[in-house]
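What follows is a single structure, written as structure tokens, with notes after it.
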């Protein structure tokens, strides 16, 4: 079995992974997003699709973000990329070797990827 590695030349996108922080205020609980880690990654568009949201069919774009392994990254965190915001749907530890992570993400808003 070959050792999984990412070609460092592919890691050309600077990303920031954000985690939710639940706070409280006069109007109840509020979720804010706190920077968790900033690193370089490879962002590759995946397959486009459709989803039903609020009774309407909208188009969605899935992307795969490949990065060096980092502990603590979980589904439902967000990734701020150079051209958009992504929600992490799944985290894949390639080969379970703690070397490479593939983040399966869903693009939000007006991402250009």
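Key figures for this structure:
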read-out	value
Near pairs, Cβ below 9 angstrom, 6+ apart or cross-chain, from segment 89-100 (on the phi > 0 side of the Ramachandran plot) to any residue that is assigned to a loop (DSSP other than H, G, I, E, B)	95/1; 95/3; 95/4; 98/69; 98/71
Hits in segment 50-97 - residues which are more than 25 Å from residue 5 (Cβ to Cβ) and assigned to a loop (DSSP other than H, G, I, E, B)	54, 55, 76, 83
Total residues in segment 21-54, condition closer than 20 Å to residue 101 by Cα and either in contact with a helix residue (DSSP H, G or I) (Cβ under 6 Å, 6 or more places away or on another chain) or surrounded by 10 or more Cβ atoms within 10 Å (Cβ to Cβ) (or both)	12
Selection count, segment 55-69, where residues are surrounded by 13 or more Cβ atoms within 10 Å (Cβ to Cβ) and free of Cβ contacts under 8 Å to residues at least 40 places away in the same chain	1
Selection status of residue 10, modelled with pLDDT of 95 or more and surrounded by 12 or more Cβ atoms within 10 Å (Cβ to Cβ)	no
Complete set of residues in segment 98-113 that are at pLDDT below 90 and outside any strand (DSSP E or B)	109, 110, 111, 112, 113
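The values are calculated or read from the model by the stated rules, or taken from the named source; none is laboratory data. Since the model is a prediction, treat every value here as computed from it, not as a measurement. FYI the Cβ positions are ideal-geometry reconstructions off the backbone, even for glycines, and counts take in every protein chain you see.
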